[in-house]
Every structure is written in structure tokens, then in C-alpha cells.
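The values are calculated or read from the model by the stated rules, or taken from the named source; none is laboratory data. Bear in mind the structure is a predicted one, so any value in this text is a computation, not a measurement. Reconstructed Cβ throughout: ideal geometry from the backbone, glycine too, with neighbour counts over all protein chains shown.
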Amino acid sequence: MSQSPTANQPLTLVVYDDNGQSLGPQSLPPVVKSETEWRAELTADEFRVGRQHGTERAFTGAYHATKTPGLYRCAGCGTALFAAQAKFDSGTGWPSFFAPVAKENVATDRDDRFGVSRTEVHCRRCGNHLGHVFPDGPPPTGERYCINSVSLRFVPLGAKS
Ligand code: FE
């Protein structure tokens, strides 16, 4: 299911404008950068979490309590990842969503670190580590995408890009 962003073939991703409207599936090249390039582009926290599989401390991120309508894009490449309509208060201290805005835009990997089997979630276009998905979320999906704020960039509804 996961596709390595180092493979250079185009990906079919669903593109959204900043009003959260789908512009439909488009064929786009993966975003591939060296570690040096990512370090230069991202903040230290964005790099540590997004490129080194880190985790921000609970209740410290910018978006854990955000309820504003809008779209959450990838901090690495701008791909639309989650809509505010799918956000819910999980009580965990991390932004939580019951679904991605488009299943095409995220990918998952098995993560067996720390002796626990979890499902890691990342941006399908650039590989930015987002968080994990758990099967204990609310309706309608029953899934809980537990996501680091620092891996996201929030675009409030109506903002012009
Ligand atoms: Fe990305």
C-alpha cells in the first residue's frame, strides 16, 4: 500500500483548493529531496518529526485544539491531507481525524518500534511522517488518525494561497 517517494514515477493524488474544494485526481511527480535540503527548508522540529519519525509532546502542538474550518496540508510539500470537518477531540493532545481528506494522499507503513505494532502514516507525495492511525476512532470510519501538528500546515477556510 505504501509507495516509496524515492521511486520517481508520477503519483495520482487528489488536489484541493484552499476552500477545501476537490479539483479531482491529478498525476504529480513525487517530491524527493536530500536530507540536507530538508534540513535547510524545515524548522528543527519539522525535520525531527517529519523526516526522522519523531513525535511532538502531547498538548504542545499548534493544532491539537483547533476547531476552525479549513484544510490541513503537508508541512513538507503542501499536499492536502486532512479536512477540519473530519477532526474530532480525542483528548490525546494531538490533532485527531477520523479520515484523511483523500485516501490517495496518505500512505501507511507498519511500525514495530518500541515493541508495539502500530500503523505509521505519512504524506504519499513527499514521505513526511505524520503520525499513526488506530482502530479506535469515532463514526463514520472507526479510525483515529493521531497526527503531529508540526507535520501539518493549517489553511483556514477562505485563505488565499
Ligand atoms: Fe508531503
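Some points to look at:
Yes/no per residue for (1) over 16 Å from S149 (Cβ atoms); (2) touching a strand residue (DSSP E or B) at 6+ places or on another chain (Cβ under 7 Å):
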position: G61; (1), (2): no, no
position: G76; (1), (2): no, yes
position: L81; (1), (2): no, yes
position: A86; (1), (2): no, yes
position: W94; (1), (2): no, yes
position: E104; (1), (2): yes, yes
position: A107; (1), (2): yes, yes
position: D111; (1), (2): yes, yes
position: R118; (1), (2): yes, yes
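- Selection count, region 110-126, where residues are of a type in the set (V, I, T) and either within 14 Å of the ligand (Cβ to nearest atom) or part of a strand (DSSP E or B) (or both): 2
- A Cβ distance below 6 Å, combined with a sequence gap of six or more or placement on separate chains, defines the contacts here; from region 122-142, residues that are under 28 Å from P30 (Cα atoms) reach residues that are modelled with pLDDT under 95 in the pairs C126/P5; G127/P5.
- For region 127-148, filtered to residues that are among the hydrophobic types (A, V, I, L, M, F, W, C) and within 16 Å of the ligand (Cβ to nearest atom), the residue that is farthest from V32 (Cα to Cα) is I147.
- The numbered conditions (1) more than 22 Å from R110 (Cα to Cα); (2) touching a Phe, Trp or Tyr at 6+ places or on another chain (Cβ under 7 Å); (3) surrounded by 13 or more Cβ atoms within 10 Å (Cβ to Cβ) are all true for L23 except (3).
- Some residue of region 74-87 being away from the ligand (no atom under 16 Å from the Cβ) and either assigned to a loop (DSSP other than H, G, I, E, B) or more than 15 Å from V155 (Cα to Cα) (or both): no
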